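Structure, as structure tokens:
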Amino acid sequence: MSTPPRELLRGVHVAPSILSADFGRLRGQVEEVLAAGARVIHVDVMDGHFVPPITVGPLVVEALSETVRAAGAMLEAHLMIERPERQVSEFVRAGAHSITFHAEATAHAAYTASLIRESGACVGVAVNPGTPPAALAELADVLDVALCMTVNPGWGGQPFIGRSLEKLPRIRALLGSDTGVEVDGGIDSQTAPPCLRAGASLFVAGSAIFHASDPAEAYAAIVRSLQDG
Ligand code: DX5
Ligand code: ZN
């Protein structure tokens, strides 16, 4: 991998979420966005408990791992599951470079973060729209990325929650400039630029990319919107 995952997470990147991809031709869809320049591929893991839907697990991470690695990109697993500490090693073994768990999903957030760190993966913690940024404060030193949910987790295609723009500066202030601040939910070329100005650096986009007729062009359009500010 040319740029190490930790460095990638410190940069400004659009991270395509495969949740909205066509799973019948998943590798091909990922190859399209990799060819367009994507370097962070976002995999949404849901357990039917923390959020109602059930999606995918380590097998899908493993299936994409070689393709993503070969392109010099990284796989980020966004765990919307209860008791994430029980699953860390499986996702690392499958090839996840970064693991993001929800602050609301475990009573042992610091322990979970240390398990991820010891496994060699990057550490991410996510907060739901109703969770205050303070939930991240005690973990600030160990985080590579803080994920601010900009919709309620569980489904693609929901509208961006405008109040997130007031929350992002508070998250950025807690973490300083060396940590990635990621937004996830309702991100497209309209909503990404104000999030960038509010302190976000990583932009997860699912339906805006994979429901478009040309996912590569849709990815590039969000990148351009960030460059234009
Ligand atoms: C939702 C997931 C998102 C989802 C976003 O809970 O965490 O990553 O793919 O989908 P869009 O970009 O369609 O809002
Ligand atoms: Zn996600």
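The values are calculated or read from the model by the stated rules, or taken from the named source; none is laboratory data. Small disclaimer: the values here were computed from a predicted structure and weren't measured. Here the Cβ is made from the backbone with ideal geometry for all residues, glycine too, and neighbour counts use every protein chain on show. Ligands, DNA and RNA are excluded from the accessible area calculation, which covers all protein heavy atoms including side chains. Shrake-Rupley method; radii C 1.70, N 1.55, O 1.52, S 1.80 Å.
Which members of the stretch 187-214 meet the condition of being within 13 Å of the chain's Cα centre (by Cα) and near ligand 1 (Cβ under 8 Å from one of its atoms)? Ile187, Val204, Ala205, Gly206 - these are the residues of the stretch 187-214 that are within 13 Å of the chain's Cα centre (by Cα) and near ligand 1 (Cβ under 8 Å from one of its atoms). When Pro4 is tested against (1) under 28 Å from Gly199 (Cβ atoms); (2) under 15 Å from the mean Cα position of the chain (by Cα), exactly one condition is not met: (2). Return only the number of the condition from (1) surrounded by fewer than 23 Cβ atoms within 10 Å (Cβ to Cβ); (2) within 16 Å of ligand 2 (Cβ to nearest atom); (3) aliphatic (A, V, I, L, M); (4) within 30 Å of Ala70 (Cα to Cα) that Ala126 does not satisfy. Here Ala126 clears every test but (1).
A single entry from Ala94, Ala126 fulfils the requirement of being under 23 Å from Ile54 (Cβ atoms), within 16 Å of ligand 1 (Cβ to nearest atom) and of a type in the set (A, V, I, L, M, F, W, C): Ala126.
Being surrounded by fewer than 16 Cβ atoms within 10 Å (Cβ to Cβ), of a type in the set (S, T, N, Q), more than 16 Å from ligand 2 (Cβ to nearest atom) and outside any strand (DSSP E or B) is the requirement here; does Ser2 meet it?
On the way: surrounded by fewer than 16 Cβ atoms within 10 Å (Cβ to Cβ): yes; of a type in the set (S, T, N, Q): yes; more than 16 Å from ligand 2 (Cβ to nearest atom): yes; outside any strand (DSSP E or B): yes.
When the stated conditions are applied, Ser2 passes them.
Name the pairs: first residue in the stretch 1-20 and under 16 Å from Ser65 (Cβ atoms) and in contact (Cβ under 8 Å) with a residue 24 or more places away in the chain, second residue open to solvent by 30 Å² or more (accessible area, probe 1.4 Å) and in a loop (DSSP other than H, G, I, E, B), Cβ to Cβ under 8 Å, at least 6 apart or on different chains? Filtered contacts from the stretch 1-20: Leu8/Arg39. Pairs, please: C-beta under 8 Å, at least 6 apart or cross-chain, first residue on the phi > 0 side of the Ramachandran plot and in the stretch 140-160, second assigned to a loop (DSSP other than H, G, I, E, B) and more than 6 Å from ligand 1 (Cβ to nearest atom)? Taking only residues 6 or more apart or on different chains, the pairs are Gly154/Val51; Gly154/Pro52; Gly154/Pro53; Gly157/His211. With respect to (1) at pLDDT below 95; (2) farther than 19 Å from Tyr219 by Cβ; (3) not charged (D, E, K, R), the lone exception for Ala109 is condition (1). Within the stretch 110-124, the set of residues being assigned to a helix (DSSP H, G or I) and either touching a Lys or Arg at 6+ places or on another chain (Cβ under 6 Å) or closer than 15 Å to Ala135 by Cα (or both) comprises Ala110, Tyr111, Thr112, Ala113.
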